[in-house]
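The structure appears below as C-alpha cells.
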Amino acid sequence: MSKADILFKRAFDIVASLAGVLLLAPVIVLCWLAATIDTRSNGFFIQKRIGRHGRVIRVCKIKTMYPSNTQRSPIASRNLASISQSGRFLRKYKLDELPQLFNVLAGSMSFVGPRPDVPGYADRLQGEDRIILSLRPGITGPASIKYKDEEVILAAVDDPETYNDRIIWPDKVRINREYFNNYSLLRDLRYIFHTIFG
C-alpha cells in the first residue's frame, strides 16, 4: 500500500462516512432507542480496541447484550446467552455496527480493514505481521467476510479459545497481510458491497 493509496482511502472514508451518518442517523437513533429499552441501559456500547499503530481506540456500537457485572470472554461464542432480544435482530442485519461510522469519520477506523481486536492479539503481533498495524481497523474486510459466522464456528468446537488462537487468528493475520500487499479501492468497494448485499 503506497502513500497515495492511504490518502485516497482516507478521502473515500471521510466522504462515505459523512454521507452515511447523514442518511442513517434516524436508523441509528431507532436502534439506540430499541437497545436502551431492551437492556434498560444506555443503548450505546463503547469498548476499548486496538487501532492503528497499536494505539487503543474507543469503538462505538449499539448494545446487543444485557448488562453484566462479570468480565466477559473475548471469545464471542462464550457470551451468546447474554445477547438481548433486540441484539439478535441488530446483529443479524449488522445494524449494531452503524455507530462505527462516527469512528470512520473521526479517523480511528476505516470502512475496510482488519477488525479492531481486543487487547492481547493485534498489539502482540511480531515481525512482518506488524505491517497490519499500519492500517486503520475496518468495519468490514476480507477476514471479517470469511469469518462472518465466527461465533457459530467457535460454538461448535470443544475449546474455542485454543481454536481461535491456533486456527482463526493466524488465518486472519495472513488474510490481512494479503489485503495490505494487494490493496486497491476497487477491492474495498467489492468488500463493502459484499458485506451489505452478500
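Of note:
- Which of 157, 87, 51, positive extreme of dipole for the chain (C-beta unit charges): 51
- In sequence order, the range 154-166 has phi-based couplings of 5, 5, 8, 9, 6, 10, x, 4, 5, 5, 5, 5, 9 Hz under the Karplus curve 6.51 cos²θ - 1.76 cosθ + 1.60, θ = phi - 60°, and Gly or Pro positions carry x.
- Percent antiparallel among DSSP beta bridges (both partners in the chain, rounded to 5): 80
- Highest-MSF residue in the chain out of 100, 85, 126 [GNM, Cα springs under 10 Å]: 126
- Using θ = phi - 60° and Karplus 6.51 cos²θ - 1.76 cosθ + 1.60, couplings along the range 16-28 (whole Hz; Gly, Pro as x): 5, 6, 5, 5, x, 4, 5, 7, 9, 3, x, 5, 4
- Computed from backbone phi, the HN-Hα couplings of the range 185-198 come to 4, 4, 4, 4, 4, 5, 5, 5, 4, 5, 5, 7, 10, x Hz, rounded to whole numbers (Karplus: 6.51 cos²θ - 1.76 cosθ + 1.60, θ = phi - 60°; Gly and Pro given as x).
- Think of each Lys and Arg Cβ as +1 and each Asp and Glu Cβ as -1; about the Cα centre, that makes the dipole of the range 65-198 roughly 360 debye.
- Other-chain or far-sequence residues with amide H under 5 Å of residue 141's (modelled H): 113
- Under 5 Å between amide hydrogens, built in the peptide plane, is the criterion, and for residue 63 it picks out 44, 45 among residues at least 5 positions away or on other chains.
- For Kirkwood radius over Cα pairs in Å, calculated from these coordinates, the label among (i) 17.5; (ii) 19.6; (iii) 16.7: (i)
- Built amide H within the under 5 Å cut-off of residue 51, gap 5+: 56, 57
- Candidates 50, 145, 62: whichever shows maximal mean-square fluctuation once the chain is modelled as a Gaussian network with Cα springs under 10 Å: 145
No lab work stands behind these numbers, since they all come straight from the coordinates. Just so you know, these numbers come straight off a predicted model, no measurement behind them. Heads up, the Cβs are rebuilt from the backbone with ideal geometry, glycines too, and the neighbour counts pull from every protein chain shown.
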